[in-house]
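Asks: The structure that follows is given in the form of structure tokens.
The values are calculated or read from the model by the stated rules, or taken from the named source; none is laboratory data. Quick caveat: nothing in here was measured; it's all calculated off a predicted structure. Glycine also receives a Cβ, built like all others from the backbone with ideal geometry; neighbour counts cover every protein chain displayed.
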């Protein structure tokens, strides 16, 4: 059974949710697969807008359910429901635009003698398996971008709910499935074993995952055992992943003398406890950064740890490092931490200092000369984002060139959180930020993960999809005889 | 050592080629990686056209080298050199068009407050590893589409040459590398161990492979052991793969009473020996279709086998099944075979009857009613292509709908060979046709395999790539604020 737990008290709330058995997973995937053909020919844009409207109509119930098991608060959670609804609306726009099918027509030529050839994308012939994340109970969970983009592509979806917010998952699921033309188009399964079954189910044609690096590696290993290599789109944690507690900026390099202009800088002088949305989050937070006598020894003041969920710092005899809630009643409360070091020490302590820390912590690295940064940045792992805070672009050029290879999104004088749901978003990046660096889990291009092309050679017009007919009934953008032609939209 | 062998005589010709040691692989990959940054900012379109011109200038020497070790003949081989040159020219066009970077610009908005966001594709930050195929010594080998598309994307390439045509590989490599601005941009390694080293080399960012299903599975398993999951683009054999000997149509369903309109139908009445390009090809041909007393027992007349390279039919006590060359001197000669059966027997003998057969063989399945076909077609594995020969599109609709899920390219009244190098080509398909069904190894879209997107948020214009500046200096097609705008080209 999976319990909904109030992080403010650590107490279980309401009835627990049963784990999904293997037989139930099979039935749910089977029902989703059966709902697929009608969905492919449905007015999916209108259906996605109906889902968006249903989410908004239920925002009150949704945010309260989520707050009870995540403590993320009304403002954040209302915003997240709105964001989830916005994702469904963006994909309705994407479908009406039609560019996602990437229609290409090459008419036959006599000399050289080549046949008529037309290509477009179709939905993957199967079910999309989606693994929800803990940190955004709407935007990266049942109602999140993986669900929205896969449904938009034309694929039925089965979500493995995150154990951290089971009641929110249940409610989101009910709201969405009943807004769809066929409720079987969205299935929900619970528990680790059900997730494993989902990942290897023969009717699952691709898997989307948002979560930790170890979790992503585990699912990738499962998928590698399948007889058929299906795509695995893992958006994994990385040094710049926003935490579930509060924005946790990545390791940051600041010129010596100028204070780092970051939320954590002030948090460092006046720590405010954050609320973690699940017990696993502060546990991994407390294990990282790894113990080291060097850079932060004098800066960080461990103040106790709940031994039940925190194993302490591995390899360290010192006291464990999960601060108690300052209000004394917290179950999953953590205090933001900032670690300050210099470039030479940072370079010497890599990779320990960039190990993923899923909690409110930051490492500030002070440097003297911008020219010293690129060789150290070269040694960083792949990340979802990298930010440069600077006034002179010319001075940042060297670092920018290195970061281009290291991160999927480059930000100038800003913060990585609030991943905008837009056409130009790329939320992915080099391993270990993502298992498929060419793909994004947020924004219009996320639909591409669930599409595959087909080419039609000398195919009769009666059997061609409308998107590929010469008269272009849907008025979509197409590349015709090598030239991109804008759509009528 | 790898020997160049004349398939007409079975004799080794010329000096053998040394295997590449691990240290040499490392040096070759290292040199390729070092050549990368300059290549990214080079005029790659002009360089690819120079390669095309160099291939054409050396066509005489190239086709003779290939004929000596493949026996494919002047017409076919001259055509293939032309095709390889054409591939480099197509990618020059692709680069000049600029659509491959998929530039997207979303300007900032005040309400809701969202930042300026711009996205485009960049080359993968590393070396492309390419495994050449045996069956097309130019078009799917050193000078093939994987090399051309990866170089076009901006990636240096290291090719693992196929042992079946070592002299052709060496010559192609020399011609291409010396036409490039830096010869290190194209490396060549030889031997199985060198291939393994290449697949797991930390500087290799993606691998392209054309070859058999077992070979593809072996490389995929190697790549799965890497700490970083790099993309593996395997274009594997499948039921419709054209053979290296002569066009081998896939399992084919024909209405009862109408003779199958195929080259093999006539070959069946008057068999002509084909030449296989390597000893492994007839060996796998002779093992497949598997022995069965049923459909073809009375149709096929085994006429002997060279025991040295053909192990006979596994599990069968009957005589092995590799026909001798009718001219009596053949080393790798094989005779085309056609097996005829009915739909019920075919359905009963799946999957034995659709096992890959890399040689000139076809299975003709006779049926009475087109309505009987779809349920049997549903059971076929994924394939690169599927063809319908028919006069009435309406009658073919049911089969067409099933084949859409089974093949990457659907052909009407034609033949799958002669994969046109065009914008609309898709040469890929559901597993086991390909390990990455969303990608093609032929045609303009093949470049996408070597690209990854980056998003720039509030990025200063001075640091933006020209493709993303508001004034669009290269004049490429872009999506601006949600609307696709054609380029100036």
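Asks: Counting only residues that are crowded, with 16+ Cβ neighbours inside 10 Å and free of Cβ contacts under 8 Å to residues at least 24 places away in the same chain, which one in the stretch B:24-69 is nearest to residue B:6 (Cα to Cα)?
Replies: Once the filter is applied, the top-ranked residue is B:67.
Asks: Tell me the strands (runs of 3 or more DSSP E) entirely within the stretch A:397-489 that contain at least 3 residues that are at the interface with another protein chain (Cβ under 7 Å from one of its Cβ atoms).
Replies: Details: elements: A:407-412, A:451-457, A:478-480, A:483-485.
Here the list reads A:407-412, A:451-457.
Asks: To continue, here is another question. Return the only residue of B:376, B:366 being assigned to a strand (DSSP E or B) and over 30 Å from residue B:75 (Cα atoms).
Replies: Only one candidate passes the filter, namely B:366.
Asks: Also, quick follow-up: Hey, can you tell me all the residues within the stretch A:209-224 that are within 11 Å of another protein chain (Cβ to nearest Cβ) and touching a helix residue (DSSP H, G or I) at 6+ places or on another chain (Cβ under 7 Å)?
Replies: Result: A:223, A:224.
Asks: Also, I was wondering about something else. Check the stretch B:128-143 and report whether any residue there is in the same structural domain as residue B:220 (by TED's automatic domain parsing) and part of a helix (DSSP H, G or I).
Replies: Quick first cut of the stretch B:128-143, residues in the same structural domain as residue B:220 (by TED's automatic domain parsing) only: B:128-143.
Pick out the ones that are also part of a helix (DSSP H, G or I) and you get none.
Checked against the condition, which is being in the same structural domain as residue B:220 (by TED's automatic domain parsing) and part of a helix (DSSP H, G or I), the stretch B:128-143 yields no hits at all.
Asks: So, in the stretch A:379-396, exactly how many residues are crowded, with 16+ Cβ neighbours inside 10 Å, part of a loop (DSSP other than H, G, I, E, B) and more than 10 Å from chain B (Cβ to nearest Cβ)?
Replies: Residues in the stretch A:379-396 being crowded, with 16+ Cβ neighbours inside 10 Å, part of a loop (DSSP other than H, G, I, E, B) and more than 10 Å from chain B (Cβ to nearest Cβ): 2 in total.
Asks: Provide a single number: the residues in the stretch B:182-199 that are assigned to a helix (DSSP H, G or I) and either surrounded by 18 or more Cβ atoms within 10 Å (Cβ to Cβ) or not assigned by TED's automatic domain parsing to the domain that holds residue B:25 (or both).
Replies: Qualifying residue count, the stretch B:182-199: 7.
Asks: Please go through the stretch A:107-139 and pick out each residue that is in contact with a strand residue (DSSP E or B) (Cβ under 7 Å, 6 or more places away or on another chain) and closer than 30 Å to residue A:215 by Cβ.
Replies: The answer is A:121, A:123, A:124, A:125, A:126, A:127, A:128, A:129, A:130, A:131, A:132, A:133.
Asks: Looking only at the stretch A:163-195, filter to residues that are free of Cβ contacts under 8 Å to residues at least 60 places away in the same chain and in contact with a strand residue (DSSP E or B) (Cβ under 8 Å, 6 or more places away or on another chain); which one of those is farthest from residue A:1 (Cα to Cα)? Please lay out each step first, then the result.
Replies: Looking only at the stretch A:163-195, we keep the residues that are free of Cβ contacts under 8 Å to residues at least 60 places away in the same chain, and these are A:169, A:173-174, A:177, A:183, A:192.
This time we only want the ones that are in contact with a strand residue (DSSP E or B) (Cβ under 8 Å, 6 or more places away or on another chain), so: A:169, A:173, A:177.
On the way: A:169: 15, A:173: 18, A:177: 23 Å.
Restricting to residues being free of Cβ contacts under 8 Å to residues at least 60 places away in the same chain and in contact with a strand residue (DSSP E or B) (Cβ under 8 Å, 6 or more places away or on another chain), the top hit is A:177.
Asks: Go through the residues of the stretch B:86-99 one by one and say whether even a single one is under 19 Å from residue A:405 (Cα atoms) and crowded, with 21+ Cβ neighbours inside 10 Å.
Replies: Checked the stretch B:86-99: no residue is under 19 Å from residue A:405 (Cα atoms) and crowded, with 21+ Cβ neighbours inside 10 Å.
Asks: Tally time: how many residues in the stretch B:55-68 are farther than 17 Å from residue B:137 by Cβ and in contact with a helix residue (DSSP H, G or I) (Cβ under 6 Å, 6 or more places away or on another chain)? Talk me through it step by step, then tell me what you get.
Replies: Going residue by residue through the stretch B:55-68, those that are farther than 17 Å from residue B:137 by Cβ are B:57.
Subsequent filtering for residues that are in contact with a helix residue (DSSP H, G or I) (Cβ under 6 Å, 6 or more places away or on another chain) retains none.
Of the residues in the stretch B:55-68, 0 are farther than 17 Å from residue B:137 by Cβ and in contact with a helix residue (DSSP H, G or I) (Cβ under 6 Å, 6 or more places away or on another chain).
Asks: Any chance the stretch B:357-378 includes a residue that's within 10 Å of chain A (Cβ to nearest Cβ) and touching a helix residue (DSSP H, G or I) at 6+ places or on another chain (Cβ under 8 Å)?
Replies: No, because not a single residue in the stretch B:357-378 is within 10 Å of chain A (Cβ to nearest Cβ) and touching a helix residue (DSSP H, G or I) at 6+ places or on another chain (Cβ under 8 Å).
Asks: Please pick out the residue among A:130, A:189, A:175 that is farther than 24 Å from residue A:78 by Cβ and at pLDDT 95 or above.
Replies: A:189
Asks: Failed condition for residue B:72, given (1) touching a residue at least 12 places away in the same chain (Cβ under 8 Å); (2) part of a helix (DSSP H, G or I), with all others met?
Replies: Going through (1) touching a residue at least 12 places away in the same chain (Cβ under 8 Å); (2) part of a helix (DSSP H, G or I) one by one, residue B:72 breaks only (2).
Asks: A further question follows. Among the candidates A:161, A:179, A:152, which residue alone is within 21 Å of residue A:100 (Cβ to Cβ), in contact with a helix residue (DSSP H, G or I) (Cβ under 7 Å, 6 or more places away or on another chain) and crowded, with 21+ Cβ neighbours inside 10 Å?
Replies: Every option except A:152 fails the conditions.
Asks: Among the candidates A:47, A:42, A:38, A:53, which residue alone is over 24 Å from residue A:163 (Cβ atoms) and not in a helix (DSSP H, G or I)? Walk me through it before giving the result.
Replies: Values: A:47 fails: not in a helix (DSSP H, G or I); A:38 fails: not in a helix (DSSP H, G or I); A:53 fails: not in a helix (DSSP H, G or I).
Unique residue meeting the criteria: A:42.
Asks: Also: Whether any residue in the stretch A:114-135 is free of Cβ contacts under 8 Å to residues at least 12 places away in the same chain and within 14 Å of another protein chain (Cβ to nearest Cβ) is what I want to check.
Replies: yes
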